[in-house]
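> Have a look at this one before I ask anything.
The values are calculated or read from the model by the stated rules, or taken from the named source; none is laboratory data. Please read all numbers here as calculations on a predicted model, not as lab measurements. Cβ placement follows ideal geometry from the backbone for every residue including glycine, while neighbour counts extend to all protein chains displayed.
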Ligand SMILES: C[S@@+](CC[C@H](N)C(=O)[O-])C[C@H]1O[C@@H](n2cnc3c(N)ncnc32)[C@H](O)[C@@H]1O
């Protein structure tokens, strides 16, 4: 089949066989890679498209602890990936590749509003591990009863991080996100006591200083999404001795952002405004959305989980 170029998101849905409700959003560059033919019954989840060799079985997590304390990862895809068996990898790759091309915050918000109903199924198809990995990382070092902790989930999306943390015993969640569509789905999970719409990177977080026992930001620190400098705001709202857990992708197109984020974190650590607790480099973070982004011999891209602590007796970053 020759590649048809969609003129609107609705067109993408028609061509790919899925309805993608994204009112108002116009694709700047349509997906330009030919869509692989799926074998009957193949879903992209352990289906006919998967290559053999490294990362060939579902949910394999190639995690390496670089610094910090005993973090144990469970090599299982979890309900997130399993729930996605009906999705098609090629469709999702096109949608996410489009997201990665956007830079304008308003365009991003519209994109996420439109993507929200499909988001969890799609990230399941991509075998997106970040919420599970971040929750495991935070829970493994958190001191004190998790049920007493108040967690701020920044760029909370549909609430996957709170869901993972809830499974680890955390019970109190506040969430912020720029997309009302994503926030509405988070609200429906019934896990958050507070949810606020907020464009990150523009001004302060709508949260008090030195308040949260833990602050997490997962899947949002990357080129074109949330600026790395938001970490200063995350520090401000974290209690002294509280934790900050963040993730970023380590694929080619995000390396400049990642280096910038790490320079910022190193600088703050040198100034004793935060302390590194652990950094995990994860080989199979999620499925690549383009051939160029995949690791050699794999169809996955790598990512990183960072865990920091705010030292006692500090406040503003
Ligand atoms: C990939 S999703 C991750 C959601 C959730 N943390 C997860 O891991 O499933 C990224 C989220 O960041 C939000 N986001 C991206 N850029 C933002 C910005 N500048 N301000 C506020 N939210 C933003 C999007 O609305 C979206 O919900």
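> Checking the structure you have, find out if any residue of segment 154-165 is more than 12 Å from the ligand (Cβ to nearest atom), in the same structural domain as residue 251 (by TED's automatic domain parsing) and in a loop (DSSP other than H, G, I, E, B).
no
> If we scan segment 254-269, do we find a residue that is free of Cβ contacts under 8 Å to residues at least 40 places away in the same chain and either in a loop (DSSP other than H, G, I, E, B) or under 26 Å from residue 172 (Cβ atoms) (or both)?
No, because not a single residue in segment 254-269 is free of Cβ contacts under 8 Å to residues at least 40 places away in the same chain and either in a loop (DSSP other than H, G, I, E, B) or under 26 Å from residue 172 (Cβ atoms) (or both).
> Is there a residue in segment 175-185 that is part of a strand (DSSP E or B), more than 9 Å from the ligand (Cβ to nearest atom) and out of contact with any helix residue (DSSP H, G or I) (no Cβ under 6 Å at 6 or more places or on another chain)?
Taking every residue of segment 175-185 in turn, none turns out to be part of a strand (DSSP E or B), more than 9 Å from the ligand (Cβ to nearest atom) and out of contact with any helix residue (DSSP H, G or I) (no Cβ under 6 Å at 6 or more places or on another chain).
> A further question on this structure: Checking the structure you have, find out if any residue of segment 123-139 is away from the ligand (no atom under 12 Å from the Cβ), over 21 Å from residue 277 (Cβ atoms) and touching a residue at least 60 places away in the same chain (Cβ under 8 Å).
Yes - at least one qualifying residue is present in segment 123-139.
> What are the residues in segment 243-253 that are in contact (Cβ under 8 Å) with a residue 60 or more places away in the chain and surrounded by fewer than 23 Cβ atoms within 10 Å (Cβ to Cβ), if any?
Correct list: 253 only.
> Still on this model: Given (1) within 12 Å of the ligand (Cβ to nearest atom); (2) out of contact with any helix residue (DSSP H, G or I) (no Cβ under 6 Å at 6 or more places or on another chain); (3) at pLDDT below 95, where does residue 102 come up short, assuming only one miss?
Among (1) within 12 Å of the ligand (Cβ to nearest atom); (2) out of contact with any helix residue (DSSP H, G or I) (no Cβ under 6 Å at 6 or more places or on another chain); (3) at pLDDT below 95, residue 102 violates only (2).
> Residues that are near the ligand (Cβ under 8 Å from one of its atoms), crowded, with 20+ Cβ neighbours inside 10 Å and modelled with pLDDT under 95: does segment 201-224 have at least one?
Checking segment 201-224: not a single residue is near the ligand (Cβ under 8 Å from one of its atoms), crowded, with 20+ Cβ neighbours inside 10 Å and modelled with pLDDT under 95.
> In segment 105-118, how many are within 8 Å of the ligand (Cβ to nearest atom) and surrounded by fewer than 21 Cβ atoms within 10 Å (Cβ to Cβ)?
3
> Just to be sure, is residue 272 assigned to a helix (DSSP H, G or I) and away from the ligand (no atom under 15 Å from the Cβ)?
The answer is no for residue 272.
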